[in-house]
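To start, the structure itself, in structure tokens.
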């Protein structure tokens, strides 16, 4: 997202999203549908739970020997005739792609959907260097034409209506197209087919990379991943280094749960396993294959609080169930990765300070953890992140004052009792119909959008002796 | 530019801080991939009829069209019908050596233009010609390496005479398979892939293995399911009882 939109503070971005009636409707329909599809898919799949445990164990085991798996992957890719590049930062990854474009005389690059290239804002860099990037996933194509950013990890254009897409296509592609998804899809097919055949370079991400065989794995439904890796003369894959997995056997475990978690399919339409450039005897395929292994803040978390976020498969399931995402959608988060996992990934890539506000955009209800195919404990990490913001003095001063105050009171029984007594008196003017609302000063920011239960007239410990007596009397 | 040594060095530095925190837990697999493959093959000798039934169910569930014929000689007839219904003229198939069937003989005289993929080591000119042919083809006919029952998936390995785009560029994909290629589960498919990769002759054959589950699809506009975005709108699987 552009810096301009990030200059608007998060509460205002969220507020704008809440006011957008159309966005609200689209979000409601999309997330509810995804939740249902996922639930149905796992309901008829009893082995799914054990597979999720196994998938998590593979991620844990791989991270433990990450250096060896990456070495093995690189050796195998090179043995198969591919090239491996190591990028410590996003900027470096971008430069590698740009250098390849320059050296090979690339004028147009077709792209299949890739969060890694969104992460490094590759399209902007390519355009600035005079290379035309063409997004070929239908959703990504739509938002590229509209000069927007994806609002959902797997359904980038869910915030747009078919009417808006028809207007966009009519304006950008010349013509007058009906607001019918069938018609609009056919328009994109024709338009993009030509691009696939003309492009010099195909750029992809990678859902997985199998170390033992040197295989880059792409999962798509539209088939654009296949086009991009088959037709242009150069294939470049940009991959976060944590996507490496050890073996083909492991890959099958992930395939069994990835599509179910994302779209409720047993498998996506296409799973493409790429091993090196075109082999002797093959009619098609790129002459050159380049894999860019990207760190960009990931290594720091191997021993950091966000370690588990390195397990993420980018399925988007946690977005759909998140009560915050469901209300504000992807754009309000302001960064490449939205939703609960997005907050953690943003903190990983851009540092904890970048999620000062976002760390609180969660009710910690735990729905994300429940649906995560690899059971990432997102709520725990959000709490850790909040603690870190507090500890490092990044959090806003009222927040820091309140929490320091609260800690002091809650760790001393005497102060706690006193505090409760004082609070009971002090809250009186603000209790309306059994709820605390309209608190003064900075506390008002909290009660503006939330009701709090008032402090009870008697604390639990005050009630306890009486409760115990009643219970004794009840006994026969 | 960061070097491999620098990149891995910083990873090792961080890993040193976590050693012993977690148990390594690799997924169990057979030590001998070929032997494991043989076990699956033997299992499937008995279980293929159930696997075929499950495959049909799942394939139809993802909008695939299932056909069953008793011999390879009946395959051209099915393709002819598909072509006529779609008013298609241009058929492209894998090389007869890879498909086990030469469609030029049986369909060529039916008003259909049948092309086959080049065999051997095609030069740049042959590759360019094939690309034009593939881009124009309306029906693409391929073989199948594995038919995966639990998901209705066709697994195709690219290679000589087996271009990857035959199942991608034409609007209709027709795949021909027999009982030998049936497997039940993703787990068994993993066993087969492990075996493929330890066999130097097979593993270097082609650079791409595709798992194809139904037609190309999208739901990117208002979550309305639409078929044939970039790949085929329509997919057919022809099961041949005896080869």
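Bear in mind these aren't lab numbers, they're just calculated from the coordinates by the rules spelled out. Predicted model only: the values in this text are computed from it and were never measured. Glycine gets a Cβ as well: all are built from the backbone with ideal geometry, and neighbour counts include every protein chain shown.
R0 = 60 Å: FRET efficiency of residue A:411 with residue B:127, Cβ-based, nearest 0.05?
With a Förster radius of 60 Å, E is 0.20.
Counting only C-alpha contacts under 8 Å and six or more residues apart, can you give the relative contact order of chain B as a whole percent?
Reported as a whole number, the value is 25 percent.
I'd like the distance between the alpha-carbon centres of the stretch A:371-431 and the stretch A:186-232, rounded to an integer number of Å.
48 Å
From other protein chains only, count the Cβ atoms within 10 Å of every residue's Cβ in B:151-158, then give the mean.
For this peptide, the per-residue mean of nearby foreign Cβ atoms is 4.
Put a dot 7 Å past each Cα toward the Cβ at residue A:178 and residue A:391; how far apart are the dots in nm?
My value for the distance between the label points is 6.1 nm.
Rounded to the nearest 0.05, what FRET efficiency do residue B:119 and residue A:103 give with R0 = 30 Å and r taken as the Cβ-Cβ distance? Could you check?
0.30
Tell me the angle of helix A:48-64 to the major Cα principal axis of chain A, expressed in degrees between 0 and 90 and rounded to the nearest ten.
80 degrees
Suppose we keep just the DSSP beta bridges with both residues in chain A; what percent of those would be antiparallel, to 5?
30 percent
Going 7 Å from the Cα of residue A:29 along its beta-carbon direction, which residues of the stretch A:172-197 have the amide nitrogen within less than 14 Å of the resulting point?
A:179-182
Treat each spin label as a single point 7 Å out from the Cα along the C-beta direction, and report the residue A:132 to residue A:161 distance in nm.
3.2 nm
Quantify how strongly other chains surround peptide A:254-265 by giving the mean number of their Cβ atoms within 10 Å of each of its Cβ atoms.
2
Averaging sequence separations of C-alpha pairs under 8 Å and six or more residues apart, then dividing by the length of chain A, give the relative contact order as a whole percent.
So the answer I get is 18 percent.
How do A:215, A:247 rank when sorted from fewest to most other Cβ atoms within 10 Å of their own Cβ?
Arranged by neighbour count, lowest to highest, A:215, A:247 become A:247, A:215.
Quote the FRET efficiency, to the nearest 0.05, computed for residue A:39 versus residue A:350 with a Förster distance R0 of 41 Å and r equal to the Cβ-Cβ distance.
Rounded to the nearest 0.05, the efficiency is 0.80.
Measure nothing fancy, just the Cα-based angle from helix B:33-61's long axis to the longest principal axis of chain B, in degrees from 0 to 90, nearest 10.
Rounded to the nearest ten degrees, it is 50.
Could you work out the relative contact order of the stretch B:1-123, using alpha carbon pairs under 8 angstrom and six or more residues apart, expressed as a whole percent?
Once normalised by length, the contact order is 15 percent.
Compute the separation of the alpha-carbon centres of the stretch B:217-231 and the stretch B:144-185 and state it in Å as a whole number.
22 Å
Which parts of the stretch A:199-218 would a label at residue A:75 reach, counting a residue when its backbone N lies under 16 Å from a point 7 Å out along Cα-to-Cβ?
From the stretch A:199-218, the list is A:210-215.
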